[in-house]
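The values are calculated or read from the model by the stated rules, or taken from the named source; none is laboratory data. Given the structure is predicted, the values throughout are model-derived calculations rather than measurements. Cβ: placed from backbone, ideal geometry, glycine included. Neighbour counts: every protein chain shown. Protein only, heavy atoms only, side chains kept; ligands, DNA and RNA dropped before computing areas. Shrake-Rupley method; radii C 1.70, N 1.55, O 1.52, S 1.80 Å.
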Amino acid sequence: MRLVAVDGPSGSGKSTYAARLVRRLRAEGLGAAVVPTDHFATWTDPVSWWPRLVADVLEPLRHGRAARYQRVDWSGGLPHPGEWVDVPVPDVLVVEGVSAARRSIAPRLDEAVWVEVPDPAERLRRAVARDGEPSRAHLLRWQAFERGWFAVDGTKSRADRVIIVD
């Protein structure tokens, strides 16, 4: 199984890019699946959920076994436990979202893609348009967190491909 991570700041278009990539791979006859980090992260736990993704998704798939995890449901604007998601073993797994290409997974990635809208105000506008006005305060805190996360992790500098979205 090939492993691709699509990472970058919130509101930059990572989900859109990942969905297009999966459609293209499937059109080429490959089995492809996407697992969003939004299925694991919450406002109060932006990155420390990673061991659950590794144990429930990455390890089983790496060993040729289907994966199963309980996603976070964001309906209503506040995260709560959601449905169970089954992931058959794909040819290509795309992990998409903030911290998907984190340093700890970098050696196992076949490709790391960084997607970014350079202007933080535009990213906030896009994220609020996606998530709703009640999420604005959470998104401002999230943006502050991810700036620090990306600076310490060095995610963008390790990317195999950088996509700047206008």
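Values computed for the structure shown
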| read-out | value |
| --- | --- |
| Nonlocal amide H pairs with ASP73, under 5 Å, H built at 1.01 Å | HIS80, GLY82 |
| Dipole of the chain [Lys/Arg +1, Asp/Glu -1 at C-beta], most positive-end residue of THR44, TRP74, SER104 | SER104 |
| Choice from VAL85, VAL152, VAL113 with maximal GNM fluctuation in the chain (Cα, 10 Å cutoff) | VAL152 |
| Phi to ³J(HN,Hα) by Karplus 6.51 cos²θ - 1.76 cosθ + 1.60 over region 91-105, Hz, x for Gly, Pro | 6, 9, 9, 10, 9, 10, x, 4, 5, 4, 9, 3, 3, 5, 9 |
| C-alpha center-to-center spacing [region 15-66, region 82-146] in angstrom | 11 |
| At most 15 other Cβ within 10 Å, DSSP loop - trypsin sites (Lys or Arg not before Pro), region 1-83 | ARG65 |
| Surface per residue (accessible, 1.4 Å probe) for region 1-96, Å² | 48 |
| Rounded to whole Hz, the Karplus (6.51, -1.76, 1.60) HN-Hα couplings of region 8-23, x for glycine and proline | x, x, 4, x, 9, x, 4, 4, 5, 4, 4, 4, 5, 4, 5, 4 |
| Region 1-85 - percent relative contact order, Cα under 8 Å, separation 6 or more | 18 |
| Relative contact order (percent, whole number), the chain, Cα cutoff 8 Å, 6+ residue spacing | 35 |
| Kirkwood Rh in Å, taken over the chain so that all alpha-carbon pairs contribute | 16.1 |
| Per-residue ³J(HN,Hα) for region 149-164, Karplus 6.51 cos²θ - 1.76 cosθ + 1.60, θ = phi - 60°, Hz, x for Gly and Pro | 4, 5, 5, 6, 6, x, 4, 4, 5, 8, 5, 7, 9, 10, 10, 9 |
| Helical mean residue ellipticity (222 nm; -39500 (n - 2.57) per DSSP H run of 4+; nearest 500) of the chain | -9500 deg cm²/dmol |
| Accessible area of the chain belonging to carbon and sulfur atoms, whole % at 1.4 Å probe | 55 |
| Under-5 Å amide H pairs with VAL165, H placed in peptide plane, nonlocal only | GLU116, VAL117 |
| Cα gyration tensor shape for region 71-132, rounded if a/c is under 1.5, else prolate or oblate | oblate |
| Region 93-161: C-alpha gyration tensor shape, a/c 1.5 cut-off, then a/b vs b/c | prolate |
| Global geometry of region 1-82, whether rounded, prolate or oblate, following the gyration tensor of its Cα atoms and the 1.5 cut on a/c | oblate |
